[in-house]
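The values are calculated or read from the model by the stated rules, or taken from the named source; none is laboratory data. Everything quoted here is computed from the prediction, not taken from an experiment. Methodologically, a virtual Cβ is constructed for each residue, glycine included, from the backbone with ideal geometry; neighbour enumeration extends over all protein chains shown.
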Amino acid sequence: MRNIQSVRGMNDLLPDQTAVWHRVEAVLREVSEKYGYQEIRTPVVEKTALFTQSIGDQTDIVEKEMYTFVDAGEESLTLRPESTASTVRACIQHGLIHNRQIRLWYMGPMFRRERPQRGRYRQFHQFGVEALGWPGPDIDGEIIRIGERIWKELGIQGIILEINTLGSERSRTAYRQALTGFLTENTDSLDEVSLRRLHTNPLRILDSKNPQIQAILKDAPVLQDFMEANEQEHFESLCNSLAQSGISYRINPRLVRGLDYYSGTVFEWITDRLGAQSAVCAGGRYDKLITNRGGKDTPAVGFAMGLERLIELAMLQSEKVEAQPVHAYMIDLTDSSEVTIRIAEKLRDKGLNVIEHCGEGKLGNQLKKADQSGAALALIRGQDEAESGVIQLKHLRENKPHSNVPVEEVVEQCVKTLM
Ligand code: ATP
Ligand code: MG
């Protein structure tokens, strides 16, 4: 039989990696709560149309990255490539934004069929926040401060904030015309994808990863020059509030983001410490997505952060995260383990982590396992101990003499020693 391996780009997280994941996830949860955001969990699978209609059919995600399949009921379904579309769907479906505003966060696996490489996987994880119902710019500033706090609490340095504004549909239409004019004069230098997008979605070309295209774009018209006064004001007010909060930022007029639903403020947190994949977190306003999806006109803003990239940064920069502690390792060499099982469960009632030795083995081998487990104490019950009604407590990490403790006092004694 052939050995079956995991799917390319979809990784196992092994026990020595999960401790750092837990710590990072805990920080993300705590920071969300500090700002009054509530968790939402949506299914991993959605109807395909949700993504094609929300994200936009000329985007990298929809054009080539989705895991789409037809299920036995002949319905086209897709593994979610991101979570904003699902969050908005859930909010409309359950009336969460009906005359209400809501601050939400989510965390979980996403799926994109990209070329796997460092920082880019086919199953990856995102943490994200979405604030629905506020026109900003105050809330735009708030979610940027959430990002800043996450870097701070994880001890991550060297992340740069780039921001831009895409303006309203109206100013983008005017800009689109100017950009199309410019690119039409340069069609000889465009690649196949850009040529295809030239007349369907020219703004997407600004997001191209092809260096040759980026070089041409240096002389292209900039969106800022087409912006209306109130849009400029929104953006300036956000910039001022960031400056007042001591958050440094760089305005990047070419930042357009790879999804169609954005409008107004967009931003990315980038770093030069992750090789080719520089974006750790990206987001912006999507004021029209909710009406487009059939909801009541509701302004909204959010971001999504890649956990694999975030964790790689956290590991580069902070001290090692300790795995979960093992407090005690139970060794019973008698024929009946009733007494040690009872003690182990009582210790767990008190909040201690206890491993019971399973299977046979000489005392020496069992002690070796106890040592490997990282436990602070071994609790040993051999024939002699059983006859005298005691348990031997052996310190595995400290140079202290072992002691024989009456069975009734073992729990109390362990708690005193370990907590
Ligand atoms: P990129 O330009 O790197 O492809 P993107 O614009 O497609 O990013 P978003 O859709 O904005 O990314 O997702 C937000 C964040 O999720 C990214 O900044 C990144 O940290 C992370 N991310 C996106 N795609 C992947 C992936 N395939 N593997 C790991 N992390 C990813
Ligand atoms: Mg991408």
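A few remarks follow.
- Any chance PRO299 is touching a residue at least 60 places away in the same chain (Cβ under 8 Å), in contact with a Pro (Cβ under 7 Å, 6 or more places away or on another chain) and not hydrophobic (A, V, I, L, M, F, W, C): yes
- Verdict on THR84 being under 29 Å from SER237 (Cα atoms), touching a strand residue (DSSP E or B) at 6+ places or on another chain (Cβ under 8 Å) and within 16 Å of ligand 2 (Cβ to nearest atom): yes
- In region 77-98, residue farthest from ILE139 (Cα to Cα) [restricted to those that are of a type in the set (S, T, N, Q) and free of Cβ contacts under 8 Å to residues at least 40 places away in the same chain]: THR78
- Options GLY351, GLY361; residue that is in contact with a helix residue (DSSP H, G or I) (Cβ under 9 Å, 6 or more places away or on another chain), assigned to a loop (DSSP other than H, G, I, E, B) and without any contact (Cβ under 8 Å) to a residue 60 or more places away in the chain: GLY361
- Only one entry in ARG120, ARG103, ARG112 is within 19 Å of the chain's Cα centre (by Cα), away from ligand 2 (no atom under 16 Å from the Cβ) and either surrounded by fewer than 21 Cβ atoms within 10 Å (Cβ to Cβ) or acidic (Asp, Glu) (or both), namely ARG103.
- Of note, ARG103 satisfies the criterion of being at pLDDT 95 or above and away from ligand 1 (no atom under 15 Å from the Cβ).
- Checked against (1) in a loop (DSSP other than H, G, I, E, B); (2) within 16 Å of ligand 2 (Cβ to nearest atom), GLU63 passes all but a single condition, namely (1).
- Once region 143-179 is narrowed to residues that are touching a strand residue (DSSP E or B) at 6+ places or on another chain (Cβ under 6 Å) and not hydrophobic (A, V, I, L, M, F, W, C), the residue that is surrounded by the fewest Cβ atoms within 10 Å (Cβ to Cβ) is GLU162.
- Only one of the listed residues (GLN117, GLN126) is over 16 Å from ASP297 (Cα atoms), within 16 Å of ligand 1 (Cβ to nearest atom) and touching a helix residue (DSSP H, G or I) at 6+ places or on another chain (Cβ under 7 Å). That residue is GLN126.
- Hey, THR87 assigned to a strand (DSSP E or B), hydroxyl-bearing (Ser, Thr, Tyr) and within 17 Å of ALA49 (Cβ to Cβ) or not: no
- Checking MET305, MET315 one by one, the residue that is surrounded by fewer than 21 Cβ atoms within 10 Å (Cβ to Cβ), touching a residue at least 12 places away in the same chain (Cβ under 8 Å) and within 27 Å of the chain's Cα centre (by Cα) is MET315 and no other.
- THR59 falls short on exactly one of the conditions (1) over 24 Å from SER263 (Cβ atoms); (2) within 14 Å of ligand 1 (Cβ to nearest atom); (3) among the polar types (S, T, N, Q); (4) at pLDDT below 95, and that condition is (1).
- Residues satisfying the stated conditions in region 273-309, i.e. more than 16 Å from ligand 2 (Cβ to nearest atom) and farther than 22 Å from PRO135 by Cβ: ARG273
- In region 79-100, the residues that are farther than 21 Å from TYR262 by Cβ and within 13 Å of ligand 1 (Cβ to nearest atom): LEU79
- The selection criterion, being in contact (Cβ under 8 Å) with a residue 12 or more places away in the chain and surrounded by fewer than 16 Cβ atoms within 10 Å (Cβ to Cβ), holds for GLU39.
- Residue that is surrounded by the most Cβ atoms within 10 Å (Cβ to Cβ) [pool: residues in region 190-236 that are among the polar types (S, T, N, Q) and under 29 Å from GLU142 (Cβ atoms)]: GLN224
- Of note, GLY56 does not satisfy the criterion of being among the small types (Gly, Ala, Ser), in contact (Cβ under 8 Å) with a residue 60 or more places away in the chain, within 16 Å of ligand 2 (Cβ to nearest atom) and farther than 30 Å from THR200 by Cα.
- Annotation: of all residues in region 268-300 being part of a loop (DSSP other than H, G, I, E, B) and on the phi > 0 side of the Ramachandran plot, the one that is surrounded by the most Cβ atoms within 10 Å (Cβ to Cβ) is GLY275.
- Some residue of region 65-76 being farther than 13 Å from GLU46 by Cβ, in contact (Cβ under 8 Å) with a residue 40 or more places away in the chain and away from ligand 1 (no atom under 16 Å from the Cβ): no
- Within region 11-49, the residues that satisfy the criterion of being more than 19 Å from VAL129 (Cα to Cα) and part of a helix (DSSP H, G or I) are PRO15, ASP16, GLN17, THR18, ALA19, VAL20, THR48, ALA49.
- Selected residue (criterion: surrounded by the fewest Cβ atoms within 10 Å (Cβ to Cβ)) from residues of region 383-404 that are of a type in the set (D, E, K, R) and under 19 Å from SER336 (Cα atoms): GLU387
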